[in-house]
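Colleague: Take this structure first; my questions come after.
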Amino acid sequence: MTNIIEARGLVKHYGEVKALDGLDVSVPEGTILGLLGPNGAGKTTAVSILTTLTSADAGSATVAGADVFSSPGEVRKRIGLSGQYAAVDEHLTGFENLDMIGRLYRLGKVTSRQRARELLDRFDLADAADRPVKTYSGGMRRRLDLAGALVAETPVLFLDEPTSGLDPRSRIELWAIIGELVARGTTLLLTTQYLEEADRLADDILVIDHGKAIAHGTANRLKDMVGGERIEVTVGDHDLSNARSVMSTFSLGEMQVDERNRHLVVPVSGGAAALTQALRSLDGAGVEVRDVMLRRPTLDDVFLTLTGHAAEEEESVEELV
Amino acid sequence: MSRIAAALGDGAVIAKRNLIKIKRVPDILIFVLISPIMFVLLFAYVFGGSIDIPGGSYREFLIAGIFAQTVVFGATFTGVGLADDMQKGIINRFRSLPMSRAAVVVGRTASDVVYNVLSLIIMALSGLVVGWRIHNGFASALAAFGLLLLFAYAISWIMAFVGLIVPSVEVINNAGFMVIFPLTFVANTFVPSQNLPTPLRVFAEWNPVSAVTQAAREGFGNLPVGTPEPTGWALESPVLYTLIWTLVIIAIFAPLSVRRYRTMAHRR
Ligand SMILES: Nc1ncnc2c1ncn2[C@@H]1O[C@H](COP(=O)(O)OP(=O)(O)OP(=O)(O)O)[C@@H](O)[C@H]1O
Ligand SMILES: [Mg+2]
């Protein structure tokens with residue numbers, strides 16, 4: 001498989017700040033790369049460089065066969081971008097915004113108009129299509145901006161935090177649209193703060209921090225990196241010491257014990273069988289089990305372990321899935 | 001597509017977008033149109049009585065000066081518009097599109113011609129009301145309007161460059177006024193340049209604003225016999241002198257502005 005996006009050793013300074021510190025990115029054709037990292041990690045900087053908006057201090061990059069630094073014009077023809085902040089014209093209507101983008105991609109008058117209407121429908125903006133964007137809500141602007149990235153049906157798309165500011169329904173709708181795009185062979189690089197989203201959408205995840213890649217792989221591989229399964233159990237009021245001695249026989253490593261909440265996190269192997277065994281033993285020892293689960297590490301755990309700080313998740317995505 | 005054709009084609013798309021904004025925010029337009037009326041009335045009635053033009057009437061003399069001043073002032077809009085564009089989110093969209101890198105500036109200077117056409121129409125109408133007349137026929141008057149617009153278009157390119165250098169919209173207004181006030185006042189716009197003290201007179205005689213004003217007065221036939229003849233080559237061949245300035249300004253500032261836009265677009 002050829003890499004549609006390929007960058008080597010990207011370095012970018014903003015004064016004293018080293019926003020990118022030798023970043024490599026490669027995205028095979030027709031796949032989705034999720035760029036993950038805490039605030040200030042350099043995600044937007046990487047996107048800006050790959051989309052020709054910002055120069056790099058060092059490194060090389062090609063997108064869809066064109067060199068980002070020596071033929072930016074060619075790159076622009078082959079990419080669609082929706083940046084972190086909506087780039088729409090307040091005074092134009094939604095339709096006029098998309099129509100203008102189509103004209104500037106040189107799609108011609110008829111195609112531009114048709115495409116604009118299609119996308120307004122697709123992004124649930126048909127009712128607001130002929131109102132100035134000034135009157136749009138934040139999520140509507142965001143959707144219009146995303147539609148802008150899709151106008152020319154380019155082979156490569158860059159979406160910087162595409163679902164920030166979207167309500168649950170719009171978010172799921174966008175995931176569906178992204179699914180369709182990839183089915184058609186579009187290559188996608190998206191950044192996100194929502195680990196659930198990276199887990200669900202991305203074929204490959206690149207975790208970056210301080211401008212450097214700190215991990216790369218599928219969601220499953222990353223989860224394996226931070227460890228295996230765990231049993232989490234909460235026990236009754238006077239059962240903690242009992243539970244502790246029972247569980248220590250199952251534990252593969254160090255148990256985490258939260259005394260106040262009588263909660264134990266026990267690294268195990270063997271999945272459901274281990275859980276059944278543990279429950280039997282706990283029961284046999286007369287321990288009252290209030291809550292129990294078998295957990296694989298989530299991307300949150302990966303994130304925490306790798307970056308040493310929690311992801312800035314603004315709201316829970318749990319209820320969506 | 002050649003680069004020039006691309007710049008013009010994409011420039012037209014941008015110009016259309018700028019014009020839509022005029023439609024959506026008519027307050028700007030009202031301001032653009034009312035201030036020339038105010039100027040015509042102010043000068044006609046406040047100074048009209050106390051300034052004497054040998055051989056003619058001050059109001060007839062005045063109007064071309066106000067035309068010139070207003071269209072030159074109108075050029076600051078170009079700078080304001082661009083400075084504003086550069087601060088808005090939409091500029092990021094433009095930068096990521098495969099459009100001509102000159103289009104944003106080309107489109108802006110083009111759409112500002114529309115402002116100037118509108119303000120010329122309004123001023124001409126108010127001029128007619130206070131007693132200004134065209135004496136040399138319609139064709140030569142039209143040519144005079146054309147020259148005013150062309151000159152204003154050139155100044156637009158200067159202000160475009162300024163608009164791309166300044167950090168904010170507020171600065172451009174002040175910067176614009178600081179340059180344009182002396183340029184439009186130390187000229188033959190409101191008083192014959194002969195009446196000025198020598199250093200100012202020399203400046204006024206070679207000031208292109210004087211030349212375009214002089215050319216417009218000739219075109220409208222607002223220089224009856226007996227009006228003092230201007231001295232100096234510039235004012236003796238005002239059309240040629242204006243055209244030379246226009247070309248020189250565009251030849252310098254168009255590439256400068258486009259280059260400035262490119263580097264700015266790349267820096268953020
Ligand atoms: N234009 C700029 N001028 C100065 N510093 C900048 C600029 N853009 C980014 N930086 C700095 O570069 C670093 C990386 O920023 P970047 O915007 O790429 O992070 P990010 O991963 O997109 O963060 P977020 O999740 O908050 O969007 C930060 O330390 C930031 O302060
Ligand atoms: Mg960012």
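The values are calculated or read from the model by the stated rules, or taken from the named source; none is laboratory data. Because the structure is predicted, anything quoted here is derived from the model rather than measured. Neighbour counts run over all protein chains shown; Cβ positions are idealised from the backbone, glycine included. Accessible surface is based on the protein model in full, side chains and every heavy atom, while ligands, DNA and RNA are left aside. Shrake-Rupley method; radii C 1.70, N 1.55, O 1.52, S 1.80 Å.
Colleague: List pairs: first residue in the stretch A:144-160 and within 16 Å of ligand 1 (Cβ to nearest atom), second residue assigned to a helix (DSSP H, G or I) anywhere in the structure, Cβ distance under 6 angstrom, at least six positions apart or on different chains.
Modeller: Every condition considered, the pairs that remain are A:PHE158/A:VAL47; A:ASP160/A:THR44; A:ASP160/A:VAL47.
Colleague: Do we find a residue being outside any helix (DSSP H, G or I) and touching a Lys or Arg at 6+ places or on another chain (Cβ under 7 Å) anywhere in the stretch B:229-240?
Modeller: No, the stretch B:229-240 contains no residue that is outside any helix (DSSP H, G or I) and touching a Lys or Arg at 6+ places or on another chain (Cβ under 7 Å).
Colleague: Among the residues of the stretch B:1-38, which ones are more than 22 Å from the chain's Cα centre (by Cα) and touching a residue at least 24 places away in the same chain (Cβ under 8 Å)?
Modeller: Selection gives B:ARG3, B:ALA6, B:ALA7, B:GLY9, B:ASP10, B:VAL13.
Colleague: Okay, next question. Looking at B:GLY163, B:GLY127, B:GLY146 in this structure, which one is under 20 Å from the mean Cα position of the chain (by Cα) and either within 14 Å of another protein chain (Cβ to nearest Cβ) or under 30 Å from A:GLY94 (Cα atoms) (or both)? Give the derivation first.
Modeller: Details: B:GLY127 fails: either within 14 Å of another protein chain (Cβ to nearest Cβ) or under 30 Å from A:GLY94 (Cα atoms) (or both); B:GLY146 fails: either within 14 Å of another protein chain (Cβ to nearest Cβ) or under 30 Å from A:GLY94 (Cα atoms) (or both).
Residue meeting the stated conditions: B:GLY163.
Conditions tested, residue by residue: (1) away from chain A (no Cβ under 14 Å); (2) within 12 Å of the chain's Cα centre (by Cα); (3) closer than 30 Å to A:GLY73 by Cα; (4) small (Gly, Ala, Ser).
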{"position": "B:MET86", "(1), (2), (3), (4)": "no, no, yes, no"}
{"position": "B:HIS135", "(1), (2), (3), (4)": "yes, no, no, no"}
{"position": "B:PHE138", "(1), (2), (3), (4)": "yes, no, no, no"}
{"position": "B:ALA152", "(1), (2), (3), (4)": "yes, yes, no, yes"}
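Colleague: Looking for whichever is over 19 Å from B:PHE94 (Cβ atoms), of a type in the set (A, V, I, L, M, F, W, C) and in a helix (DSSP H, G or I) here; the options are A:VAL11, A:VAL110. Which one fits? Full working, then the answer.
Modeller: Numbers: A:VAL11 fails: in a helix (DSSP H, G or I).
None of the other options fit; the residue is A:VAL110.
Colleague: Quickly run through the stretch A:87-111 and pick out the residues that are more than 8 Å from chain B (Cβ to nearest Cβ) and not hydrophobic (A, V, I, L, M, F, W, C).
Modeller: A:THR93, A:GLY94, A:ASN97, A:ASP99, A:GLY102, A:GLY108, A:LYS109, A:THR111, listed by residue number.
Colleague: May I ask you to verify whether A:VAL110 is away from ligand 2 (no atom under 16 Å from the Cβ) and either acidic (Asp, Glu) or open to solvent by 20 Å² or more (accessible area, probe 1.4 Å) (or both)?
Modeller: In short, yes.
Colleague: Could you say which residue among A:ASP89, A:ASP99 is open to solvent by less than 20 Å² (accessible area, probe 1.4 Å), assigned to a loop (DSSP other than H, G, I, E, B), of a type in the set (Asp, Glu) and in the same structural domain as A:THR163 (by TED's automatic domain parsing)?
Modeller: Among A:ASP89, A:ASP99, only A:ASP89 is open to solvent by less than 20 Å² (accessible area, probe 1.4 Å), assigned to a loop (DSSP other than H, G, I, E, B), of a type in the set (Asp, Glu) and in the same structural domain as A:THR163 (by TED's automatic domain parsing).
Colleague: Please verify whether B:SER168 is surrounded by fewer than 18 Cβ atoms within 10 Å (Cβ to Cβ) and not charged (D, E, K, R), treating the condition exactly as stated.
Modeller: yes
Colleague: Taking into account only those residues within the stretch A:1-13 that are surrounded by 15 or more Cβ atoms within 10 Å (Cβ to Cβ) and more than 16 Å from ligand 1 (Cβ to nearest atom), which is nearest to the chain's Cα centre (by Cα)?
Modeller: Only one residue tops the list, namely A:ILE5.
Colleague: A further question follows. Having 1 or more residues that are open to solvent by less than 30 Å² (accessible area, probe 1.4 Å) and among the small types (Gly, Ala, Ser) is the bar; report the strands (runs of 3 or more DSSP E) wholly within the stretch A:188-268 that clear it.
Modeller: A:212-217
Colleague: Please go through the stretch A:112-163 and give me each residue that is within 14 Å of chain B (Cβ to nearest Cβ) and among the polar types (S, T, N, Q), ordered by number.
Modeller: Residues satisfying the conditions are A:SER112, A:THR135, A:THR154.
Colleague: Only residues in the stretch A:288-314 that are of a type in the set (A, V, I, L, M) count as the first member; pair them with residues that are in a loop (DSSP other than H, G, I, E, B) and at pLDDT 85 or above, Cβ under 7 angstrom, at least 6 apart or cross-chain, and list the lot.
Modeller: Cβ pairs passing all conditions: A:ALA311/A:PRO38.
Colleague: If you scan the stretch A:56-70, which residues turn out to be open to solvent by less than 40 Å² (accessible area, probe 1.4 Å) and within 14 Å of chain B (Cβ to nearest Cβ)? So that I can check it myself, show each step before the final result.
Modeller: Applying the first criterion (open to solvent by less than 40 Å² (accessible area, probe 1.4 Å)) to the stretch A:56-70 yields A:56, A:61, A:63-64, A:66, A:68.
If the condition is that a residue be open to solvent by less than 40 Å² (accessible area, probe 1.4 Å) and within 14 Å of chain B (Cβ to nearest Cβ), then A:ALA56, A:VAL63, A:ALA64, A:ALA66, A:VAL68 are the ones that fit.
Colleague: Oh, and also: For the stretch A:182-212, how many residues meet the condition of being more than 15 Å from the chain's Cα centre (by Cα), under 15 Å from A:ILE5 (Cβ atoms) and aliphatic (A, V, I, L, M)?
Modeller: Going through the stretch A:182-212 one residue at a time, the tally reaches 1.
Colleague: Same structure again: Being touching an Asp or Glu at 6+ places or on another chain (Cβ under 7 Å) and away from ligand 2 (no atom under 16 Å from the Cβ) is the filter here; which residues of the stretch A:1-13 pass it?
Modeller: Result: A:MET1, A:THR2, A:ILE4, A:ALA7, A:ARG8, A:GLY9, A:VAL11, A:HIS13.
Colleague: Restricting the first residue to the stretch A:25-46 and requiring it to be over 16 Å from A:ILE5 (Cβ atoms) and acidic (Asp, Glu), which pairs with a second residue that is at pLDDT 95 or above and crowded, with 24+ Cβ neighbours inside 10 Å meet a Cβ separation below 9 Å and a spacing of at least six or different chains?
Modeller: Every condition considered, no pair remains.
Colleague: Looking at the stretch B:51-123, what helices (runs of 4 or more DSSP H) fall wholly within it and have at least 3 residues that are of a type in the set (Val, Ile, Thr)?
Modeller: Fully inside the stretch B:51-123 and qualifying: B:58-74, B:76-87.
Colleague: Then there's this: If A:GLY73 satisfies all but one of (1) surrounded by 16 or more Cβ atoms within 10 Å (Cβ to Cβ); (2) in a helix (DSSP H, G or I); (3) away from ligand 2 (no atom under 16 Å from the Cβ), what's the number of the condition it fails?
Modeller: (1)
Colleague: Counting only residues that are within 12 Å of chain A (Cβ to nearest Cβ) and modelled with pLDDT of 90 or more, how many does the stretch B:92-124 have?
Modeller: 12
Colleague: State all residues of the stretch A:140-176 that are surrounded by 17 or more Cβ atoms within 10 Å (Cβ to Cβ) and among the small types (Gly, Ala, Ser); if no residue qualifies, say none.
Modeller: Listed by number, the residues that qualify are A:ALA147, A:GLY148, A:ALA149, A:ALA152, A:SER164, A:GLY165, A:SER170.
Colleague: While we're looking at this one, here's another question. It is to be established whether one or more residues within the stretch B:28-36 are at negative phi, at pLDDT below 90 and within 14 Å of chain A (Cβ to nearest Cβ).
Modeller: Looking for residues that are at negative phi, at pLDDT below 90 and within 14 Å of chain A (Cβ to nearest Cβ), one finds at least one in the stretch B:28-36, hence yes.
Colleague: So, one more: Give just the number: which of (1) out of contact with any Lys or Arg (no Cβ under 7 Å at 6 or more places or on another chain); (2) within 14 Å of ligand 1 (Cβ to nearest atom) does A:THR45 not satisfy?
Modeller: (1)
Colleague: Can you tell me how many residues in the stretch A:14-44 are within 14 Å of chain B (Cβ to nearest Cβ), within 16 Å of ligand 2 (Cβ to nearest atom) and open to solvent by 20 Å² or more (accessible area, probe 1.4 Å)?
Modeller: Looking only at that region, the number is 2.
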